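Asks: The following block contains the structure, expressed as structure tokens.
Read-outs throughout are calculated quantities, based only on the coordinates presented, and are distinct from any laboratory measurement. The model shown is predicted, which means the values in this text are computed figures rather than measured ones.
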Amino acid sequence: MEIREFIATREFIATTIRKYLNEQVNNTLSTSSYDMVDILKTLSYIKYVDRPSGHFLHSIDLTITDIDYLYDLINILDDNNWYIERGRERSLTISQKYIKEAEVNIPNKLYHITPIKYVDSILNDGLKPKSEDLRHKYPPRIYVSDNTQTLKPLSRELTRWKGDKDYSILEINTNGLDFKLYKDTTSAYKGHYYIQDIEKIPSENIKLIK
């Protein structure tokens, strides 16, 4: 069984999300990538460890010898505020949950792309962070951009990935909101970020622009 299939099981998703929601880690930075590499090298079931360069310094690539060790690895990652970003077979990429170096100032306007079928619900009830992505096990987040130009090619990618064909763009007025904004260093587009540490963005701060 491939790692990504294993991670996508119902039991694993439910357990992981519940743990992220219950842990009081909002003000706890993740273990540095340097220290995390040192920890991984002490684990007998880690066959390969590589700390990528450039924008991906917050991530680590690794290979485990046996899938049976996966839960042990997950527990160690949780203890250090890391998570599995993606995986295939026994090869994984792990990433920090809280990256101080990626935190940025919050602009007055941000933009969020969502399938049209969710627009009415968001405009009525607000926009809540989610962590239910089957490929990436991150803490609850809202992915946003500081521009609308990159959202059109992103919608094509989301169509291929999720299957929804029609997307809308929402504008978020950040005035009066209390949250942290981080660069999405896994994105191929400039100006992409994620919002973290907020219960929800109220509907009165959101409007439909496309």
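Asks: Step through the table entries 183/207; 117/210; 117/165, compare each Cα-Cα distance with 18 Å, and write down the pairs that go over it.
Replies: Numbers: 183/207 23 Å; 117/210 13 Å; 117/165 10 Å.
Distance filter (> 18 Å) returns 183/207.
Asks: Just need the Rg to Rh number for segment 102-208, please, alpha carbons only, Kirkwood Rh. Mind dumping the intermediate values first?
Replies: On the way: Rg = 12.9 Å, Rh = 14.1 Å.
Here Rg/Rh amounts to 0.92.
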